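Comments concern the structure below.
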Amino acid sequence: MSVFTDRYIKNFMAELEARNPGESEFHQAVREVLASVAPCLEEYPYLLENKIMERMVEPERVIIFRVPWMDDAGEIHVNRGFRVQMNSAIGPYKGGIRFHASVNLSIMKFLAFEQTFKNALTTLPMGGAKGGSDFNPRGKSDAEVMRFCQSFMTELQRHIGQDTDVPAGDIGVGGREIGFLFGQYKRLRDEFSGTLTGKGFAWGGSSLRPEATGYGVCYFASQMLATRGESFEGKTVVVSGAGNVAQYAAAKAMRLGAKVVTLSDSDGYIWDPDGLDEEKFAYVQQLKNVIRGRIKEYVQKYPSAKYFGDGAKPWSVKCDIALPCATQNELDAEGARQLVANGCICITEGANMPTTPDAIAIIQEAKLLYSPGKASNAGGVAVSGLEMTQNSIRQKWTPEEVDAHLRRIMSDIHDACTRYGTEEDGYVNYVKGANTAGFLKVAGAMMDQGLV
Ligand code: NDP
């Protein structure tokens, strides 16, 4: 790192931390991007003079609002709602909504910041945003979730629209929640538009949207593996999470010939030495999406599997490929050391920022294939972008058509990463590649549009 780069990052981060105290996840996300793009700033001084980075870390708008709702017993609860509209340089704001007890402004800003670069990488015209609430849907009845979603949307609807800001799902927001949110939006605005994505197939949704993030992760991982003459065929795969992304990443890995041996939730993980098959996958879908049970119930159904509780993570399980698909900072230095020591060759992120900075350093030092979520999990928002297109032209594409678009987009993102991230020794630094490609696109659009 040059003296300029080193000094620039230190000064920039000191100011960012002072202006945004306590927002550790946001600081982490900015620091990573800055480390990748600082050489570009040195190379193109007009980006520095125009304070592009300073503008990118300041959201265009942050909306924080009260979400009151009543539970089934008649008790009133008050949650906090957020929408961070980070950057609209290349299109309407776009990004998911997360319902999880941990949601706060720092997590919303980190996700919206990441989303800006991810959306730029998809090649589609979408700006970056994120929203959510500290509401925890776990253990709530359908009626409680519906009342919460209706209250949340009663305020949010003022700030979104098909040409302004198009939310989607994320942790805790799946098909059920998007349905309730869309129903309330339609009622209040008297319009049937493509303002939310992840809609049900019968009412405006795209085929393959539920599968898109997980499938895209595996398409991206396949491209990474191909750079070393490898593929999923015959490999052992460890997956964390058991939600939307984890389920479809696991299913696609299995269908590409790999043995998927773990799934997890925040309580622990299951290890199935025989690997997932179609019947077990259907059971997991029923368990998580219909019954809304916990992953430990898997071992009651399949006793040859083992459950490890107390919040244990699956990284000590020997594998060739690891797909972290649960949440931020779930793979730490200890986990990274275990993966490296056990001969893992490829880590492809399905979640957003699941790997801590010191874990990334260990993985890259060992020259493992490693991709950041903003590149490898972009398939979800890409198919959301395709859902917007289908809504606009009032047409539906077949699963084959959507899958072909998804494969092409993941391949284009891989190309962008190798173009900007290949180092002198041939090692592809996907973090640098993804950050640089996304940054240059957004920065160029911001320059074109003047000081706004
Ligand atoms: P889901 O809510 O469907 O599933 C989340 C999974 O992660 C659950 O198994 C959950 O377990 C687990 N999890 C959540 N918090 C923690 C935690 N603190 N520690 C351990 N496990 C945890 O969410 P998604 O699958 O949609 O999202 C997963 C990740 O992928 C997130 O980082 C999200 O931002 C990212 N992502 C999602 C996209 C999408 O299309 N859905 C698109 C791109 C990225 P539990 O039930 O115990 O909470």
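The values are calculated or read from the model by the stated rules, or taken from the named source; none is laboratory data. The model shown is predicted, which means the values in this text are computed figures rather than measured ones. Don't worry about glycine lacking a Cβ; one is built from the backbone with ideal geometry, like all the others, and counts go over all protein chains shown. Note: areas computed on protein heavy atoms with side chains; ligands, DNA, RNA excluded. Shrake-Rupley method; radii C 1.70, N 1.55, O 1.52, S 1.80 Å.
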Give, as a single signed number, the net charge of other residues whose beta carbon lies under 14 Å from the beta carbon of Gly234, with Lys and Arg counted +1 and Asp and Glu -1.
0
Net charge, Leu276 excluded, C-beta distance under 14 Å - Lys, Arg +1, Asp, Glu -1:
+2
Candidate residues Glu387, Glu191: accessible-area rank, largest first, probe 1.4 Å
Glu191, Glu387
Relative contact order [Cα under 8 Å, 6+ residues apart], the chain, whole percent
15 percent
Counting lysine pairs in region 61-192 that sit 8 or more positions apart or on different chains, with Cα atoms under 17 Å apart, gives 6
State the answer as a single residue: which of Met53, Gln286, His405 lies farthest towards the positive end of the charge dipole of the chain, with beta carbon charges of +1 for Lys and Arg and -1 for Asp and Glu, about the Cα centre.
Gln286
So, in region 338-452, how many Lys pairs have Cα atoms under 25 Å apart, if the pair is 8 or more places apart or on different chains?
4
Relative contact order for region 394-452: what is it in percent, counting Cα pairs under 8 Å that are at least 6 residues apart?
22 percent
Going 7 Å from the Cα of Val299 in the Cα-to-Cβ direction, what parts of region 245-288 have a backbone nitrogen less than 11 Å from that spot?
268-272
How do the peptides 246-257, 64-75 rank, highest first, by the average count of neighbouring beta carbon atoms within 10 Å per residue?
246-257, 64-75
Given a 1.4 Å probe and heavy atoms of the protein chains only, how would you sort Tyr302, Tyr307, Tyr185, largest accessible area at the top?
Tyr307, Tyr302, Tyr185
Sequence gap at least 6, Cα distance under 8 Å: using those rules, report the relative contact order of region 211-376 to the nearest whole percent.
23 percent
Quick one: Cα centre-to-centre distance for region 257-277 and region 368-401, in angstrom?
26 Å
What does the highest-first list of 416-426, 369-379, 122-132 look like by mean Cβ count within 10 Å?
369-379, 122-132, 416-426
Run down the aspartates and glutamates and flag those whose C-alpha is under 19 Å from the C-alpha of Lys10, throwing out any fewer than 8 positions away in its chain.
Glu23, Glu25, Glu32, Glu42, Glu43, Glu49, Glu54, Glu58, Asp358
Inter-part distance where region 163-216 and region 30-100 are each reduced to a Cα centre, Å
20 Å
